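The values are calculated or read from the model by the stated rules, or taken from the named source; none is laboratory data. Not measured: the values here are computed from a predicted model. Positions of Cβ are generated from backbone atoms using ideal geometry, with glycine treated the same way; all protein chains shown enter the neighbour counts. Side chains are part of the model used for accessible areas, which takes the heavy atoms of the whole protein and leaves out ligands, DNA and RNA. Shrake-Rupley method; radii C 1.70, N 1.55, O 1.52, S 1.80 Å.
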Amino acid sequence: MTTIQAQVPEPPARQVAELAKQENVSLDQIVSIALAYQVSAWRKRDTISERAKRGSWEKFDQVMSKVRDVPPCPATRSRRADAPKPRRIHAESRPPADSFLRHGENIPERKD
């Protein structure tokens, strides 16, 4: 372990001491945990920032152009409390499980 001496304003020092007493742990443990948490957050922010720089809107648009333009399945939409319940689709009206549509194929009309 390394010893670090730091100047800390009185209010946060008092709060940390109270928290350590409340949690029944040492002041050193609280400060070590808080420091580790903050350093981790800063590193994560830097990692995300670096990854964002590698991204491109052109690649995003290229990938998104492959997604079919169809409304979401009723089971995957989030429902509002006042929304009507979705209708049950009977097994005989569903397409077979192995009939996945590929990009560019026509989507069959829904039979009500």
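Some notes on this structure:
- Hits in the stretch 1-49 (condition: among the β-branched types (V, I, T), surrounded by 10 or more Cβ atoms within 10 Å (Cβ to Cβ) and not in a helix (DSSP H, G or I)): V8, V25
- Residue in the stretch 68-80 that is at pLDDT 85 or above and open to solvent by 100 Å² or more (accessible area, probe 1.4 Å) present: no
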